[in-house]
Amino acid sequence: MIFGLPVLIVLHGVAAAFYGLLAILILLRQRNPGLDGAGGRSGVPGRTGMWLAAACLITALWALTVALSWNAPLAGLANLLDVGRALGWYGFLLHLYRRTLPAERRSARMFTAMGAMVLALLLGLSLLDRLGHVSAPWWWLGSVGARLALSVSSLLLIENLYFNATEDARWHLNLLCVAIGGLALYDLMLYSDALLFRRVSLALFEGRASAFAMAAPLIAVAAVRNRRWAIDIHVSRDAVFRSATLLISGLFLMGLAVTGEIFRRGGSEWGLVAEVSLVFAGVLTIAVLLTSGSARSRMRAVLVDNFFSHRFDYRQQWLRCVETLSAPEAYVPLPMRAIRAAAAIVDSPAGMLFLRAPEEVAFAWAGSWNMPAGMEPVPPGHALIGAFRDGGWIVDVAAEPGLLAGLGAVPRAWLAVPLRHLGQLAGFVLLARPRAPFRLDREVYDLLRIVAAEIASRVAEQRASQELSQSRDLRAYTTRFAFVIHDIKNVSGQLSMLLANAETHAANPEFQRDMLATVRASVAKITRLLARLAANEAPRRAALISPAERIGAIVESRRPLLGARLVLEGDGADAAIGMDADQFDAVINHLLDNALEASGAGEIVRIALRQDGLRVEIAVIDRGRGMDAQFVRDDLFRPFRSTKQGGHGIGAFQARALLRAAGGDLLVASVPGEGTTMRVVLPCLRVADATATAVG
């Protein structure tokens, strides 16, 4: 009894589960690559897969029926399914025999005739039994004899299949021949014993279920090995690894427990202590092995090399590579992530990255993972660079130590993987020896090339992002510099005008006071402008200002120089806007300077201020020469385009940019020969609703 159940039920139930699962996997994962000459992959199950699935399914039904009718496992439906199970495996072998061996090597007709004779004998005995023309003992002997003959025929077929197959085909067939041949040999022993002693041995009958259960994994591995069968049984490598780990750990602990139990039953006084100590030591040993990278690597290599037709799960490897390079840990720099992505393919625990920018000559050290940092640059004429063959060749530097000459001490260096991008060698990853012996073959090299191409793309992408960021910083600095130069030019113009008037009004005390105030304000403005050139300038903050007050102050500051040429008109509304005061003043001063330069001597420039709903409009109106529509559209706001002598062509562009940053705009209405109106439009803010916002 096992867990209160008869051994017959438990063993046959396990066998039924194994073969049922195997049949389901084959039917779900099967594809047809044109085994019957059609070619292509049509998705229709192939004959080999159908034969194997049918044999497994009949075996599962037989084992399940025996488990359910354990009181009479040799009669009724169980007996018929037992015959069907044997014939199913024989048919699968015969089909494989026809497909594997060339016509001149096979004797398919003979084995087909043998199987047909056994089937006819069994059917004839069943018919005679139903008609009552044969006694029970003779029917039983005939049935056992027919099954014995079928077992002998199966063994002969397996022997002929294996020894007539080519050397390459035997690798695909050996596990299958061992599994099915072992089952046929067990049947031969079972039915020979039954024929000799006139009864079926219960021990042998129960043990047959164990034999079938042990043969199932061998059949599954053989199906995975042979791609020509068009059977794609895919089991997760992680699941296999974990299952194998648990199985080995369980067997190890069980062995230790049995050893301790033997000591205890031997009468030793310290037997119980030995049993407990051995189990605890086993637990510690398993924990150490499971946490050891080398042990896991060796176990994974054994499982992959012996149970999978491909060494890598390419979908999983690609997803892991992308996840590693995408940096879920933001603090891990890209060079370290690149090394880890390449190292994961060959289970390497360390590595270095060397990169070369397009404008550089040597390959400079870019990062290390579990290896020394700060290595010497590798010149382009180095032997290692030549060994890459323009980036198309992965170099085993452990086999050629001379390739690392001149690079200093590189411990455990093993493999150099080139990074090729846009036809150029962008760098390489130098990997350390793996934790466990790792076999290098074409599959490994191909996967490393794929991952290296992705790494090179990510490195180039990061480099491009850095260069773009630097370009943006330089552009922002250039823009600030251009704005500052333009504002300094305006200040210079004001000071020049002041000096020109000083020759006439230098003795006037009021003019002297105005001159000192103007010079003081100009110096302060130049100081502020120079401070704006700082690369790390903080964003300027908008403030709640009154445009009427700011424009009034600007007009008053210019009256000593311009007299009555400036006229300020307003509707009396006390509107408020949100904008940096210096930037607002720069816009108004620029518009006034342009208007004064465009106007003739003594002509008036009007400034009209009014509030229109939620907008504030400031119009600077002159009666100068004006501009045509094409110039306004194409050239007025284009940077560094100017029609004035000594102009920089940045003023209008700067003014509009500052206004748009504050939520407003600059509108132009101009007629050649009649003048120009520059209209500033800004949103109106109430005092209670105004909040400071970043506009820099």
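Since every read-out is calculated from the coordinates, none of them should be taken as a lab result. Bear in mind that the values here come from a model prediction, so they are computed numbers and not experimental data. Every residue, glycine as well, gets a Cβ built from its backbone with ideal geometry; the counts of neighbours run over all protein chains shown.
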* Cα extents of the range 314-469 along the three principal axes, largest first, in whole Å? -> 40, 36, 28
* Structure fact -> Note, the range 412-418: 3J(HN,Hα) by Karplus (6.51, -1.76, 1.60, θ = phi - 60°), whole Hz, Gly/Pro = x, goes 6, 4, 9, 9, 10, 10, x
* To do: Mind checking which of Val397, Leu384, Leu355 is farthest towards the positive end of the range 314-469's charge dipole, using Cβ charges of +1 (Lys, Arg) and -1 (Asp, Glu) about the Cα centre?
  => Val397
* To do: Pop a pseudo-label 7 angstrom from the Cα along the beta-carbon direction at both Leu516 and Ile604 and give the gap in nm to one decimal.
  => 3.4 nm
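Using the 10 angstrom Cβ neighbour count as an exposure proxy, how do Leu150, Leu319, Leu8 rank, fewest first?
On the way: Leu150 26, Leu319 11, Leu8 18.
Fewest-to-most Cβ neighbours within 10 Å comes out as Leu319, Leu8, Leu150.
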* **Separation of the Ala506 and Ala629 label points, Cα + 7 Å toward Cβ, nm** => 5.3 nm
* Calculate, in nm to one decimal, what Ala464 and Leu21 gain on full extension: separation in residues at 0.36 nm each, minus their alpha carbon distance. => 154.3 nm
* Could you run the Karplus curve 6.51 cos²θ - 1.76 cosθ + 1.60 with θ = phi - 60° over the range 48-61 and give me ³J(HN,Hα) per residue in whole Hz, x for Gly and Pro? => 4, x, 5, 4, 5, 4, 5, 5, 5, 5, 5, 4, 5, 5
* **Förster-model FRET efficiency, 41 Å R0, Ala405 and Val332, C-beta, rounded to 0.05** => 0.80
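Just to verify a number: FRET efficiency for Glu597 and Ser471, C-beta to C-beta distance, R0 = 41 Å, to 0.05?
Numbers: r = 35 Å, r/R0 = 0.85.
Given R0 = 41 Å and the Cβ-Cβ separation, E is 0.75.
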* Estimated inter-spin distance, Ala120 and Ala373, nm [label 7 Å along Cα→Cβ] -> 8.5 nm
* Quick one: what are the phi-derived ³J(HN,Hα) couplings along the range 451-466, Karplus 6.51/-1.76/1.60 with θ = phi - 60°, whole Hz, x for glycine and proline? => 5, 5, 5, 5, 4, 4, 5, 5, 5, 5, 5, 5, 5, 5, 5, 5
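Give the calculated FRET efficiency between Arg47 and Val178 to the nearest 0.05, with a Förster radius of 30 Å applied to their Cβ-Cβ distance.
That pair, Arg47 with Val178, gives E of 0.85.
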